[in-house]
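Q: What follows is a single structure, and I will ask about it in a moment.
The values are calculated or read from the model by the stated rules, or taken from the named source; none is laboratory data. Just so it is clear, the model here is predicted, and its values are computed rather than measured. Counting neighbours? That spans all protein chains shown, and the Cβs are built from the backbone with ideal geometry, glycine included.
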Amino acid sequence: EAAMAGGTGRPAVAASTASTVGAAATQATQGSAGDGTATAGGWRQVDRAELSLHTTADDCWVSLYGKVYDFSSFLEEHPAGPESILKLGGTDGTAMYETVHNLGMLDDFTTELVGELVG
């Protein structure tokens, strides 16, 4: 089994990048133009056009269940390898995600949450 980091329930390698990812997610919630546009839940609104711009290993956003996650720093840690997430970059990957994972697994990725998919 992978070593778990500080009671986070996430592998130690993932936890070591959590502060960096968290800072990026916090910055991202300010709106792409710094306008602070947020939903009623306080999340940043991300439309499909913006989501579609984040498709590389250095900048990989995926929408799951109406929320947008930045999985860039998690790609290499993914047990099935980076490609299975990277091919979903810039899209709504909910249908593919559901074939392997359950919604509860996303509870471990709160720091990767960018915002809510709109439009």
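Q: Considering only the range 75-119, state which residues are free of Cβ contacts under 8 Å to residues at least 12 places away in the same chain and under 18 Å from Q45 (Cα atoms).
A: T110, the sole residue that qualifies.
Q: Return the residues of the range 52-72 that are out of contact with any Gly (no Cβ under 9 Å at 6 or more places or on another chain) and surrounded by fewer than 20 Cβ atoms within 10 Å (Cβ to Cβ); say none if nothing qualifies.
A: D58, Y65, G66
Okay, residues lined up against (1) more than 15 Å from V118 (Cα to Cα); (2) modelled with pLDDT of 95 or more; (3) not polar (S, T, N, Q):
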residue	(1), (2), (3)
V21	yes, no, yes
A25	yes, no, yes
G41	no, no, yes
H54	yes, yes, yes
